[in-house]
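So the structure is just underneath, and the comments pick up after that.
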Amino acid sequence: MAKVTIDGRVIEVPDGITILQAARMIGPEVAPPTMCYHSKLKTSGGYCRTCLVEVTKSSEKDPRPMPKLVASCRTDVMDGMEVGNLSSPKVIEARKSVVEFLLLNHPLDCPICDQAGECHLQDLSYEHGSSKTRTDFERRTFEKISIGEKIQLHMTRCILCYRCVKVAEQITDGRVHGVINRGDHSEISTYIEQAIDNDFSGNMIDVCPVGALTDKTFRFKSRVWFTKPVLAHRNCEKCSGNVNLWFKGDEVLRVTGRKDQWGEVEEFICNTCRYDKKATSDWTVEGPSPVNRHSVISANHYEVFTKPTEFKLNDVKPLSIQEGDKS
Amino acid sequence: MGKKILLAHDHVPGIQGYEVYRQNGGYASVEKAVKSMSAEALVEEVKKSGLRGRGGAGFPTGNKWNFLAKPEGVARYLVCNADESEPGTFKDRYLMSRIPHILVEGMITSSFALGVNTAYIYIRGEYYYIVSILEKAIEEAYANGWLGKNILGSGYNLDLYLHVGAGAYICGEETALLESLEGKRGNPRIKPPFPAIAGLYGCPTVVNNVETLAAVPFIVNNGGEAYAQIGIGKSAGTKLISASGHINKPGVYEIEMGITVEDFIYSDEYCGGILNGKKLKAVVAGGSSVPILPADKILTTPSGEKRLMSYESLADGGFASGTMLGSGGFIVMDETTSIVENLFTFARFYHHESCGQCSPCREGTAWMEKILHKMIDGHGTIEDVDLLWEIQAKIEGNTICPLGDAAAWPVASAIRHFRSEFEEYVRNPNSIKVVRHYDSTQNLVNA
Ligand SMILES: Cc1cc2nc3c(=O)[nH]c(=O)nc-3n(C[C@H](O)[C@H](O)[C@H](O)COP(=O)(O)O)c2cc1C
Ligand code: SF4
Ligand code: SF4
Ligand code: FES
């Protein structure tokens, strides 16, 4: 066990976990924001630098401070470590710069972006950024491209967090998705717009913190805050079948993986669940998804929730399960 | 004349070939090492020598070798960093093309000391003509029994491979180099783990610069003490300096550490003074990433003594008034040089070479270049100078690898020491002599 102090709050945590994980165990008040780390993706994190923290005491054994700010998502805790997050002026300053850097090339057109309302960059800049931009240089722009039939990539919005690359590497087999070019010319790409032919490729959409990867079957059907997320499951052979259904009225507009408190996908879902099961009768509805009270999505969430009409809880087994039983 | 170790036989005709190299004492260190020394004793000699890494950071080589993890049954690797891409640095190129066998010999002796059976030279793609020189040297070493199985009947096996990079500065950063060597995109790894624990293919690995490894034969032949005697204090031995810019005799010089900077610039043995009798304005002493210093500060330390060519003396004064020995890329600028335009060239380089993994470096290097470009175009403002300063401060220390720092330091030092010139520059756009712009292929052209 290691005793760690973050912003003056003390916690005992198991050895070998990161500062970020320890901070999350204490709670959202001291957890640094993250854009590239994703708990379900190995080797993720370290890229965006939004989670930088100041280590004012390295450990009980070696009480010296660390010379530079460190990425909390990639730095392990040590017994006796003392960390400054929001209590460190250096961290606040560095985080503000990172937001500024991330927005340099990011279009500021949230009103026409499909991700608005569930975009981590929007939240990050609102919470840690500055209200005005100091650059009038042209932003880099790209044509939209299709990654297969269902996914659209708009590099113009990409912040190069590498999460989708890790999905391609770790969830899907065969590496057909990666980064080409260097520096701020870097591009997420597949080999010649090749479809990522894999049952789990759709998870790239869910891990994308911004509006760079979007679900073509949902694009521009509705602003997310006009839809209601509902927890549902079905018996699926390929994945856990645990999803979020996004309803508008009685219609399922979108199916996504469930996300935890930190906006990270809990379990990856298969493309069949995501794209092909858009009838309410395909699913067993569990109830409204927990939504952070501060999220814009919650604005529409807690009005009187009416269950979709054609579906009754405790009714016959959904169709998909019966099919599953046969095979 | 200072002591020569690496270039001692540079002027011997035919030294590039095996026969002449051997006749001049070549491969003696391999013989001595495998026949009469233990690996531990060799590492001890290198520690005693005080040799420090010549790739830029100056980390003590003996310590680095000591840190190499030695788990049972796991391969270890030695990788020579011949990616030399730091602007102003061309010493490895000189050494490898003139005396290729000194590197091969150094690698064999070092591999034996580290218990390595497979070693690599990672050479930058642009050095294609050196590839054939090194290939020939490696072939000759195999043919004469210095490489391969059972070297000199000792039972020690070593294979040495040459790997050609594809032209990215970032592949000189040791972990990006290892990724590239593994056939992946050359992105620096997030550390820890360090290569000494998990390097090439996840195995313990030592990465050393060409010049570092080439110094090993002398140390083994003459003992660590003998090497430590050369040079000054903690800057032991000799250093190759690639001198360029406004000097009468640009080129690669082997200096004994501790000569004065003044001597190096003005004496006939080295740079031979400033071109056309002009005045010295500034020096970048250790490759483009180290802080630029104005004439008075590069010639004397803050305490008023003559500055020496050594790690310590060049760093004297910290970043406020000192710099670094770095890779030994010594760039001299005379009074006609525009610091702003020179900085633009450097900023453009770092923007071009950032791998793009981390936001501060990816976005910050591009931003700095754009602002400097704007200045060069005559549209700069005083606020831009402050903004440049702020951007570099936001990059420094906040990135995955030191390229971010390398991009920040030239900007910081240029503004720190030449702020008035920047202000002058943006106030009088009409006095800008060189008008530059990008052509359609993004190449810089002089109009
Ligand atoms: C961006 C960057 C580029 C580098 N390029 C080189 C290089 O071209 N050659 C080199 O020897 N070291 C280079 N280095 C330093 C290496 O990472 C490493 O420290 C060095 O090869 C270690 O060898 P040494 O201990 O013998 O100096 C570079 C470092 C960085 C951060
Ligand atoms: S497309 Fe999205 S997930 Fe992929 S690197 Fe860009 S921002 Fe990250
Ligand atoms: S500092 Fe620059 S070069 Fe180094 S990892 Fe980050 S983006 Fe790449
Ligand atoms: S979340 Fe830690 S660096 Fe991106």
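Values quoted throughout were computed directly from the atomic coordinates according to the rules given, and no laboratory measurement underlies them. Note that the coordinates shown come from a computational prediction; the quantities given were computed from them, not determined experimentally. Methodologically, a virtual Cβ is constructed for each residue, glycine included, from the backbone with ideal geometry; neighbour enumeration extends over all protein chains shown.
Taking the alpha-carbon centroid of each part, what is the distance from segment A:234-255 to segment B:55-84 in angstrom? The two parts, judged by their Cα centres, are 52 Å apart. Would segment A:224-300 count as rounded, prolate or oblate if I go by the C-alpha gyration tensor, calling it rounded below 1.5 in a/c and otherwise prolate when a/b exceeds b/c, oblate otherwise? Oblate. Extension gain for the segment residue A:141 to residue A:216, taken as residue separation times 0.36 nm less the Cα-Cα distance, is 25.0 nm to one decimal. If you take the Cα centroid of segment B:252-310 and the Cα centroid of segment B:339-400, the two points sit 27 Å apart.
Normalised by the number of residues in segment B:18-229, the mean separation of alpha-carbon contacts (under 8 Å, six or more apart) gives a relative contact order of 32 percent. Length available on full extension from residue B:161 to residue B:303: 0.36 nm per residue minus the Cα-Cα distance, which gives 46.3 nm.
Label-to-label distance for residue A:250 and residue A:25 is 4.9 nm, based on points extended 7 Å past Cα in the beta-carbon direction. Pairs with C-alpha atoms separated by more than 32 Å, drawn from the list A:3/A:68; A:3/A:96; B:4/B:281; A:132/A:278; A:132/B:281, are A:132/A:278; A:132/B:281.
Neighbours of residue B:212 by Cβ distance under 11 Å: Lys/Arg scored +1, Asp/Glu scored -1, total +2.
Fewest Cβ neighbours within 10 Å first, please rank B:37, A:1, B:375 accordingly.
Values: B:37 17, A:1 8, B:375 23.
If I rank by nearby Cβ atoms, fewest first, I get A:1, B:37, B:375.
Dividing the radius of gyration of the alpha carbons in segment B:157-314 by their Kirkwood radius gives 1.04 for Rg/Rh. Label separation (residue B:197 vs residue B:335): 5.6 nm, computed from points 7 Å beyond Cα along the C-beta direction. Dipole orientation for segment B:30-79: of the candidates B:57, B:41, B:77, B:57 has the Cα lying most toward the positive pole (charges on Cβ; Lys, Arg +1; Asp, Glu -1). Estimated from helices alone, the mean residue ellipticity of chain A at 222 nm is -4500 deg cm²/dmol (sum of -39500 (n - 2.57) over DSSP H runs with n ≥ 4, per residue). Label-to-label distance for residue B:225 and residue A:197 is 7.1 nm, based on points extended 7 Å past Cα in the beta-carbon direction. Indicate, rounded to the nearest 5 percent, the antiparallel portion of the DSSP beta bridges found entirely in the protein assembly as shown. Antiparallel: roughly 70 percent of the beta bridges in the protein assembly as shown. When only Cα pairs below 8 angstrom with a gap of at least 6 residues are kept, chain A shows a relative contact order of 13 percent. Among B:369, B:211, B:269, whose mean-square fluctuation peaks in a Gaussian network model of chain B (Cα, cutoff 10 Å)? Result: B:269 has the largest fluctuation of those listed.
In which sequence would A:139, B:189, B:416 go, from the one with the fewest C-beta neighbours within 10 Å to the one with the most? Kindly include the intermediate steps, with their values, before the conclusion.
On the way: A:139 12, B:189 21, B:416 17.
Ascending Cβ contact count within 10 Å gives the list A:139, B:416, B:189.
For segment B:1-139, the relative contact order works out to 30 percent when only alpha carbon pairs closer than 8 Å and six or more residues apart are counted.
The GluC sites (Glu not before Pro) of segment B:14-77 that meet both conditions, a loop assignment by DSSP and at most 11 other Cβ atoms within 10 Å of the site Cβ, are B:72. A full extension of the chain between residue A:267 and residue A:134 corresponds to an added length of 43.9 nm, given 0.36 nm per residue minus the alpha carbon distance.
Among B:373, B:11, the ranking by other beta carbons within 10 Å of each residue's beta carbon, starting with the fewest, stands as B:11, B:373.
Across the options B:145, B:201, B:273, the greatest Cα extent toward the positive end of the charge dipole of chain B (unit charges at beta carbon of Lys, Arg, Asp, Glu) belongs to B:145.
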